[in-house]
Amino acid sequence: MSRLDPSSRSPRPLPRLRLDPWEERFRSELVRLGSDPRVTTFIGDGSPWPRKQAEERHERCLEHWRTHGFGWRGIIDEESGGFLGVAAANYLHAPVLEVDTSAVEIGWWTDPEHWGRGIATHAARIVRDESFRDIDSDVLVARLHRDNIASATVARNTGLDYRGDFTTELGTPAHLYALNRVDWVPSAR
């Protein structure tokens, strides 16, 4: 059975989430997630990340926080304190289709043990609202591998609309999803 088949698991409620700013304690979690091919299938070239690559990304995440005051966040289960994944907001590093680098790109990775519970959607909505409210972005984007159906669902459930196809710098076919500030409906607090 597929991981998204509702009969394959007993339902578990969505935990109360907290998004913590990226810090040193997340290094080992990023190494763990980055080495899992289930997580990296639709990231970059689709290969699991060697430890060095994950640690370099971790350092860039720390630097982004120091420079910009926002960035990657650890998704934390408030009850257990457990690490559930990553939610991210970063400035778009290169123009994509009609969107320039003033846009904020959002993204999400969840631990495969927690897939199908709505964690990515809940975290993405928090990042979306903070990006418009606190970062003062005019447009949010998500760049998704063409075959990443689960993340496309998260993007649509977060209010982002499909804007077109493009090819990444690695030659990967991708879709661009975006939401303009004028179309944003904040989540209830």
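Please work out if His58 is under 19 Å from Arg25 (Cβ atoms) and modelled with pLDDT of 95 or more.
Working: under 19 Å from Arg25 (Cβ atoms): yes; modelled with pLDDT of 95 or more: yes.
In short, yes.
Scanning for something buried (at least 16 other Cβ atoms within 10 Å of the Cβ), under 26 Å from Ser28 (Cβ atoms) and of a type in the set (Ser, Thr, Tyr), does the range 152-168 turn up at least one residue? There is no residue in the range 152-168 that is buried (at least 16 other Cβ atoms within 10 Å of the Cβ), under 26 Å from Ser28 (Cβ atoms) and of a type in the set (Ser, Thr, Tyr).
Could you name every one of the helices (runs of 4 or more DSSP H) located completely within the range 19-97 that has at least 2 residues being under 26 Å from Ser137 (Cβ atoms)? If you could, list the steps in order and put the result at the bottom.
Working: elements: 27-34, 37-40, 51-68.
Ranges flagged: 27-34, 51-68.
Of all residues in the range 115-132, those that are of a type in the set (Val, Ile, Thr) have Cβ atoms under 7 Å from Cβ atoms of residues that are part of a helix (DSSP H, G or I), 6 or more apart or on another chain, in Thr121/Val154; Thr121/Asn157. Based on what the data block shows, is Arg143 touching a strand residue (DSSP E or B) at 6+ places or on another chain (Cβ under 8 Å) and crowded, with 17+ Cβ neighbours inside 10 Å? Here the answer is yes, as Arg143 does meet what is asked. Of the residues Arg25, Arg32, Arg73, the single one that is of a type in the set (Lys, Arg), at pLDDT 95 or above and closer than 18 Å to Ala124 by Cα is Arg73.
For the range 83-108, the set of residues classified as modelled with pLDDT of 95 or more and more than 15 Å from Leu160 (Cβ to Cβ) consists of Phe83, Leu84, Gly85, Val86, listed by residue number. Reported count of residues in the range 23-43, each being among the aliphatic types (A, V, I, L, M) and farther than 13 Å from Trp108 by Cα, is 1.
Quick check: is even one residue across the range 121-129 surrounded by 15 or more Cβ atoms within 10 Å (Cβ to Cβ) and over 13 Å from the mean Cα position of the chain (by Cα)?
Checked the range 121-129: at least one residue is surrounded by 15 or more Cβ atoms within 10 Å (Cβ to Cβ) and over 13 Å from the mean Cα position of the chain (by Cα).
Taken over the range 67-101, the residue count meeting the criterion of being more than 18 Å from the chain's Cα centre (by Cα) and charged (D, E, K, R) is 4.
With respect to (1) within 30 Å of Arg16 (Cβ to Cβ); (2) modelled with pLDDT of 95 or more; (3) among the aromatic types (Phe, Trp, Tyr), the lone exception for Tyr162 is condition (1).
The values are calculated or read from the model by the stated rules, or taken from the named source; none is laboratory data. The structure presented is a predicted model; accordingly, all values stated were derived computationally and were not measured. Neighbour counts run over all protein chains shown; Cβ positions are idealised from the backbone, glycine included.
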